[in-house]
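This report refers to the structure that appears directly beneath it.
The values are calculated or read from the model by the stated rules, or taken from the named source; none is laboratory data. Computed from a predicted structure; not experimentally measured. Every residue, glycine as well, gets a Cβ built from its backbone with ideal geometry; the counts of neighbours run over all protein chains shown.
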Amino acid sequence: MKVLLLSRYGVLGASSRVRFLQYLPYFYSQGLEITIKPLLSDTYLQNLYNGGSRWREVLKGYTTRIFALLSARRFDVIIIEKELFPFMPAIAERFLRLIGVSYIVDYDDALFHRYDCHSNPWIRRLLGKKIDSVMRQASCVIAGNNYLAERARRVGARRVEIIPTVVDAERYHPKQKSGIKMPIIGWIGTPQTSRYLQPLLPVLESIKSEVPLRFVAIGANPEDFEGTLVETWPWSEDTEVESLQQFDVGVMPLMDSPWERGKCGYKLIQYMACGVPVVASPVGVNVEIVKPGENGLLASSIEEWGHALRQLLQEEPSMRKQMGAAGHALVKDRYSLQAQAPKLLKIIYEAA
């Protein structure tokens, strides 16, 4: 079977990497012939994170995608990550249906809210229902969680399947911590998402005055946290697992808004895969992943965050170890590539 994967990014884009690119070795082993055509290059992402100009890369990406669509009929099925052309009507998706090409569309966030909740009324009017149209025309909508799946069902998608964002259980595993060390509370993300950490800084400073600790943010911009207790570590695919294994507690603070409710909790899955207990905001899929008192804790207010972090830091290390083991077992059973890959393969074959 020939498959055209129209991802949003290349390997530097977390969503593309974890939603599809990490499955490629398995797909190849099962006989799929996959052609990958990212919309936006690694250079685009580097410029995004560094504040550089991105228009040239956007123009190049849109042009490349147009040529990719001209070859669409050579493939048995097309997989689209999110949409074909951001901030344009769903004309290209309708074109695929008109020429009889089946496509699967995948969502790991509430992209539809980028349009229907946009501050510009013209964007809301012209594109507010764009993603609904993309979903309806797809042979299958793959959603990362129930919030996204419910949207697809509500707008009339023909088939909706939930596949959570997963980790490779052969890469992610707990590591025995040696000796007595200062506990590390940690977070992983990008310069764009590190804003969620800002409300936590006062409570972290308060806890640090009571209990020795380090706070590490992997992938954050160092300039955003100058003069704070935050240690910023660079992200790389080669070192992320080793870095996460050093955490004693992993955190995922979020605001409660429509956009955040569509997130897939990937940070929590990464922490748990490494045997790290978690503290998270009770927003969206987080309440499904975190079993309070079993594999982590949920915290809404700043006061609850302070209580939860103190509890995990001040209790016996055996409590953290027990929670970490429970989280690891959950990931292996449900949130691992090994658990979800056969289901995704079946969807691809049935959509062709």
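Look at the range 104-127: where a residue is in the same structural domain as A143 (by TED's automatic domain parsing) and a partner is polar (S, T, N, Q) and modelled with pLDDT under 95, sitting 6+ places away or on another chain with Cβ atoms under 8 Å, you get D108/S15; D109/S15.
Listed here are the helices (runs of 4 or more DSSP H) enclosed by the range 282-352 that have at least 2 residues being under 30 Å from G100 (Cα atoms), in contact (Cβ under 8 Å) with a residue 40 or more places away in the chain and of a type outside the set (S, T, N, Q): 337-351.
Specify which of the listed residues (R158, R136) is more than 20 Å from the chain's Cα centre (by Cα) and not in a loop (DSSP other than H, G, I, E, B). Checking each option against the conditions leaves just R136. Screening the range 161-210 for residues that are under 25 Å from the mean Cα position of the chain (by Cα) and of a type in the set (D, E) and picking the one that is modelled with the lowest pLDDT gives E170. In the set (1) surrounded by 15 or more Cβ atoms within 10 Å (Cβ to Cβ); (2) at pLDDT 95 or above, the condition left unmet by R158 is number (1).
Checking each residue in the range 89-131 for being among the hydroxyl-bearing types (S, T, Y), within 25 Å of R74 (Cβ to Cβ) and under 23 Å from the mean Cα position of the chain (by Cα) picks out only Y103.
Across the range 188-232, the number of residues qualifying as among the polar types (S, T, N, Q) and in a strand (DSSP E or B) comes to 1. Of the residues that sit in the range 249-279 and are more than 15 Å from the chain's Cα centre (by Cα) and surrounded by fewer than 24 Cβ atoms within 10 Å (Cβ to Cβ), which one is farthest from K181 (Cα to Cα)? This residue is P258.
Given the criteria within 19 Å of R19 (Cα to Cα) and either surrounded by fewer than 16 Cβ atoms within 10 Å (Cβ to Cβ) or modelled with pLDDT of 95 or more (or both), does I80 qualify? Yes: the conditions hold for I80. The set of residues in the range 9-56 that are of a type in the set (K, R) and closer than 21 Å to D106 by Cβ comprises R17, R19, K37. Looking at this structure, is S41 under 20 Å from the mean Cα position of the chain (by Cα), closer than 24 Å to A143 by Cβ and surrounded by 19 or more Cβ atoms within 10 Å (Cβ to Cβ)? The answer is no for S41. Evaluation of W259 against the conditions (1) part of a loop (DSSP other than H, G, I, E, B); (2) in contact with a His (Cβ under 6 Å, 6 or more places away or on another chain) shows that the sole unmet condition is (1).
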